[in-house]
Amino acid sequence: MSRPEVAAPGAEKAPTGDLRRQRRWALWSAYACLGLFCVFFLAPPIYALVTSLKTSQEIAALEGNPWLVRDPTLANYAALLGSSTFLRFFWNSAKVAVIVVAVTMVIATLAAFSLARMRFFGSTALATGVFLTYLIPETLLFIPLFQIFTWLRDVTGIEFINRWWILCIVYPTLTVPFCTWILIGYFSSIPKELDEAAIVDGASTLQLLLKVFLPVALPGLIAATIFAFTVSWAQFLYPLAFTTSLDQLVLPVGIVTNLIKGDVFNWGQIMAGALLTAAPPVLLYAFLMDYYIAGLTAGATKG
Amino acid sequence: MAQAAAIGGALEERGASRGGGLARRRARIAFLLCLPLILLVLALVIYPAFYSLHLATLNKSMTRFVGLANFAFLFKRETFWMVVEQSVIFAVGAVVFKALIGFVLAHLVHRLPQRGQRAWRGMLLVPWVIPPAMSTLVWWWMYEPSYSALNWLLAGMGFAPVPWLGDPYWARFAVILVNVWYGAPFFMIMYLAALKSVPAELYESAEIDGANAWQKLIYVTLPMLRNIIAITVLFSLIVTFANFDIVRILTAGGPRDMTHVFATWAFKLGIESNDIPLGACVSLFMFPILGIAAVFILRDVHRRSRELAGVAA
Amino acid sequence: MTRWHLSRRSLLLGASGVAVAGAMLGRPRGAYAAGKLSVGFWDHWVPGANDTLTRLCREWAAKEKIDLTIDYIPSQGNKLLLTIAAEAQARSGHDILAMNTWLPGSHAERLEPVDDVMKDVLAKNGPTNPVVEYLGKPDGHWRAVPATPGSQMKGPASRIDLLKEHAGIDILAMYPPDGPATPAAEQWTWDALLAAAEKCHKAGFPFGIGLGTTSDNVDTWGSLFHAFGARLVDEKGNIVVKSDATRAALEFAKKLAAFLPADAIAWDDGSNNRWLISGKGALIFNPPSAWAVAKRDAPQVAEKVWHHPAPKGPKGRFGPYLPYYWAIWSFSPNKSAAKSLLAHLSTREAAEQLVAASQGYDIPGYLSFNDFKTWNEEGPPRGTLRHYPPTKDQILSIAAAPAPHKIAEQIYNQATITKMIARIVQGGDSIDKAIAWAESELEGFMRG
């Protein structure tokens, strides 16, 4: 619903030259402002890229412009991509993220469907309350959680601590509330007539969910999926606390703890590692940006 | 999915055989659909939180129950009140700037021609998509005392190098800056969508009434966006208040404990100084402060939603 | 614990099903008659140093027929600290974990006493240095076995050329490449360092001594405090920070801090390394890690770096030593195997190999081991590590000693010493005000 007058710069307009110049000037100053912010937002990743292409000698040298590379090298990337440790981190992150996304989507979709459409004792409280789980932060929870998993190990004989799949159990606590909230917003915006039409046609609750809701709410589902993936991929504290062995680590922890040994920092590799870690969420987002933004903001328009 | 269907099916039969009404049966199904969520939250959030509460009442070696002694001890420490003040400054300061910048950016992008918006939106959202631990590493490198690329730029413009992480007030600024950098795009995206949903007629009728741009902002835009502003601010306050990664990686709470927030100080006391009950005690303080803020904002949101619902119906 | 509203039978059936599946998919077990052992070692930054340790362990494991799992845990990001804390809480995890400085003391009750192992080891190797004994024997029992990897001296690493040109100090004359310290070394006092710091600061190459809260910083200023005889808490647990010795130490620190980089208060363990490697600084307090990296990245700097003992103060020449240990949890199911492994790693041959693999960074805690060839031969410049291991005229110290362990650990981890100095230097506190603040902090540490 943007104002038609600002549709395209330079198009033939009825207004007088004065007004047109004013609007052109407003537009260009908007571009300038946005450009400045873009520089601010994109400077760090670009600097990371620049650093990752430098040799450690060049990084250690103080002369010259740090924002430029004089002797670009792919050695840092080669070192990481050729390292089985790093690839292991990547694989672990991928496994965890995929599983967590699946679990999150199931739990969140079922719950959102129920809370958006049906009533039971405490459902309104739950809908608002689910958000409040974020009030209890990870730094508070990781030690008691450790205790719980040890107790579970004693009861069932399965080792949880220092296994990558423990992350699949704890990450959903971080992703499910927000995904549920997004989906509630999205589901609420689906007109009730669709429901009624389906029920009249004899659909059960489950068929209603699968055949009517999910297809219509697809953008919201995709947005929730991307969000769940991004959050799982980026987690730092829980894996830092729960996984120790090199073959169980995920990327963020692996990069931070394995490329800095004692007091020796390997900045070129750290930056390369940071970029490689950032790559999957960024790529996913680049391709599915519209869905992501649409789903994320469905809640916004519902108020 | 099959399990849900089985449950659903079984319950339908049971419901029918009991002769319960359609409403009762739907309520039961509704509850069951929410059950995984409820169980997840109970087992992995609520129960550990209560266990933490129990931990906070133990002595340092966790052998004796000492009641509220840990809390009393904290109240007497100067550092504790510093941490409270710093956490509030950090959370409120960062959220205010994020909201403002997001708001401004949303307006700027909104005024662009339709086809250009997508690219700008895409570029501006990048900070939020990069894992925060990774981007904090990059900022750390940019702030590094010996090699700071930012100081190099400043030197080029004729300014003295800034001790980004060395001076307490610059360090606070540095930490807030990283958080704002990371979070402002989220606000921008939300406000942009909300702006798009404001009906053009409202602006047009305001113009007819002779309103200028500023008045349109105050009397049309802000009221329409009040709910989304409240929700984003609440969500961001919660997340920023509990922030651990940024402070930990950039300053570890220094210099002189002047950038510690609850999460990092709890970590320092609890894990690094081997006093887990005291650490649990510190983290627990986050909860009531956030809870009060949440209650107020959500009450406001609910009231508005009911108003809107009433009007719409 | 929580009561689950599912039938216990279904839970156990399900769980055992998963357990069986897990076991079938798990690693095939060989003929490991003597059981399993899982160890967590400190991840050495020197590339390849871990491999030597792995090899030594595997040799032992093959001989003893133990199924051995080795993890290398870095100390960065406090990963090692977190692991130890988590395992202590959960009472499960590795059998052996690397622990440094105050950790054996703070977890003493949860560690298996190793007096028996140490009796044999000390009989063969001779005594350890006093710091190793103080930290490893927190309650009269040896709670951990001294480890070679990671144990280090945090003495100065200086730029030979800059000290000579700007401060007029010929460090090579004091600590020559081919022999022991000369009488000229008696002039290497804290006052001499202060004068040199001023001159180098004026010349544009300040000393890079951090005032932060990480261990490099705390160790350095801790040794200064010892050199002045300043203590925070005595052996009996009394707070004695308010003393003339402390005031003298703080006065000195205030003077020295004026010549240090402006943001030294925010330095972590790596900042001083980068200060030296970038060529900006004339002196840092650091083990050879900075020099070793400079060899690769800035050889023109590295070939001018010299490691030597710390300066002498009114109460003596105190050198900061940071020991690592290997500790066995009391919940370990295979303690005898663990003890056997640690004994195997504590022999002179093992230590010599580890020191060589670390390029001279590691300094074993046994006094008789301080004569390995590696230190004399490492370079360039050749002999830079000759004076790195402790010498007889140095008293090895650890910051916060002689306080009781649990209190000392807090003093160390909370960096009370450097924070006192920071309050004076940056916060503008008077010396008495800083001491008063320290007193209130120390009272807080007294809590049980």
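Read-outs: derived from the displayed coordinates by stated rules, not from any lab. None of these values were measured; they are calculated from a predicted model. Reconstructed Cβ throughout: ideal geometry from the backbone, glycine too, with neighbour counts over all protein chains shown.
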Point to revise | Rg followed by Dmax, in Å, when the range A:14-73 is reduced to its Cα trace | key: 19.8, 62
Review point. So how much slack lies between C:Lys164 and C:Asp115, counting 0.36 nm per residue of separation and subtracting their Cα-Cα distance, in nm?
Key: 12.8 nm
Review point. Once amide H atoms are placed 1.01 Å from N in the peptide plane, what residues at a sequence separation of 5 or more from C:Trp42, or on another chain, have their amide H within under 5 Å of its amide H?
Key: C:Ile73, C:Ala98
Revision key, fill the gap. The range C:127-244: Kirkwood hydrodynamic radius (Cα pairs, Å) comes out at 17.3
Point to revise | Kirkwood estimate for the range B:73-312, i.e. one over the average of 1/r between Cα atoms, Å | key: 20.1
Review point. When each pair of different Cα atoms in the range B:22-68 is counted once in the 1/r mean, what is the Kirkwood radius in angstroms, to one decimal?
Key: 13.2
Point to revise | Relative contact order of the range A:82-298, defined on C-alpha pairs under 8 angstrom at six or more residues apart (%) | key: 33
Practice item. Would you list the membrane-span-like helices of chain B, meaning whole DSSP H runs whose alpha-carbon atoms span at least 20 Å along their axis and whose mean Kyte-Doolittle value is at least 0.5? Key: B:22-41, B:78-110, B:168-196, B:222-241, B:286-312
Exercise for review: Compute the longest continuous run of chain C that contains no exposed trypsin sites (Lys or Arg not before Pro); treat a site as exposed when its DSSP state is not H, G, I, E or B and it has at most 16 other Cβ atoms within 10 Å.
Suggested key: C:92-235
Exercise for review: Please report C:Leu354, B:Leu150, C:Leu211 as a ranked list, fewest other C-beta atoms within 10 angstrom at the top and most at the bottom.
Suggested key: B:Leu150, C:Leu354, C:Leu211
Check your understanding: Rg to Rh ratio, the range C:86-147, alpha-carbon atoms and Kirkwood radius?
Key -> 0.97
Review point. Hey, got the dipole for the range A:82-298? About the Cα centre, +1 on K and R Cβ, -1 on D and E Cβ, debye to the nearest 20?
Key: 180
Practice item. Could you pull out the chymotrypsin sites (Phe, Trp or Tyr not before Pro) across the range C:67-141 that fall in loop regions by DSSP (anything but H, G, I, E, B) with no more than 12 other Cβ atoms inside 10 Å? Key: none
Review point. What is the distance in Å between the Cα centres of the range C:230-285 and the range C:134-182?
Key: 17
Revision key, fill the gap. Plugging the Cβ-Cβ distance of B:Asp300 and A:Ala26 into 1/(1 + (r/R0)^6) at R0 = 41 Å yields, to the nearest 0.05, a FRET efficiency of 0.75
Practice item. Hand me the tally of lysine pairs in the range B:73-312: alpha carbons under 24 angstrom apart, and the pair either on different chains or 8 or more positions apart. Key: 4
Exercise for review: Give the whole-number value, in cubic angstrom per residue, of the convex hull volume spanned by the C-alpha atoms of chain A.
Suggested key: 217
Check your understanding: Ranking C:Trp221, C:Trp291, A:Trp67 by Cβ neighbours within 10 Å, fewest first, what do you get?
Key -> A:Trp67, C:Trp221, C:Trp291
**Study point:** In the range B:146-188, chymotrypsin sites (Phe, Trp or Tyr not before Pro) in a DSSP loop with at most 16 other beta-carbon atoms within 10 Å
**Key:** B:Phe159
Review point. Reported to two decimal places, what Rg/Rh ratio describes the range B:79-175 when computed on Cα atoms with Rh from the Kirkwood expression?
Key: 1.05
Review point. Say R0 is 45 Å: what FRET efficiency, to the nearest 0.05, do A:Leu36 and C:Asp393 get from their beta-carbon distance?
Key: 0.15
Revision key, fill the gap. A correct Stokes-Einstein calculation for the protein assembly as shown, using the alpha-carbon Kirkwood radius, 25 °C and 0.890 mPa s, returns a whole-number D in µm² s⁻¹ of 78
**Study point:** Label point distance in nm, C:Glu186-A:Asp290, each placed 7 Å from Cα along Cα→Cβ
**Key:** 8.6
Check your understanding: Residues with amide H under 5 Å of C:Lys312's amide H, sequence separation 5 or more or different chain, H placed in the peptide plane at 1.01 Å from N; which?
Key -> C:Thr189, C:Trp190
Practice item. Among the lysines, select those whose C-alpha is under 30 Å from the C-alpha of A:Lys54, and discard any that sit fewer than 8 residues away in the same chain. Key: A:Lys261, C:Lys79, C:Lys280, C:Lys295, C:Lys304
Exercise for review: With only alpha-carbon atoms counted, please give the Rg and Dmax of the range A:161-299, in Å.
Suggested key: 19.9, 69
Check your understanding: To the nearest Å, what is the center-to-center distance of the range B:85-149 and the range B:219-258, using C-alpha atoms only?
Key -> 12
Revision key, fill the gap. Going from the fewest other Cβ atoms within 10 Å to the most, one would list A:Asp18, C:Asp43, C:Asp234 as A:Asp18, C:Asp234, C:Asp43
Exercise for review: Could you grab the relative contact order for chain B? Cα pairs under 8 Å, six or more apart, rounded to a whole percent.
Suggested key: 24
Practice item. Enter the mean number of other protein chain beta carbons within 10 Å of the beta carbon of each residue in A:241-251, as an integer. Key: 4
Review point. Taking only Cα atoms, what is the 0 to 90° angle, nearest 10, from helix C:79-90's long axis to the longest principal axis of chain C?
Key: 40
Review point. If you average the sequence gap of Cα pairs under 8 Å that are 6 or more apart and divide by the length of chain C, what percent do you get for the contact order?
Key: 24
Exercise for review: Go ahead and estimate [θ] at 222 nm for the protein assembly as shown from helices alone: -39,500 (n - 2.57) per DSSP H run with n ≥ 4, summed, over the residue count, rounded to 500.
Suggested key: -19000 deg cm²/dmol
Revision key, fill the gap. Given 25 °C, 0.890 mPa s and a Kirkwood radius over Cα pairs, the Stokes-Einstein diffusion coefficient of chain C in µm²/s is 106
Review point. So which GluC sites (Glu not before Pro) in the range A:147-197 pass both tests, a DSSP loop state and at most 12 other Cβ atoms within 10 Å of the Cβ?
Key: none
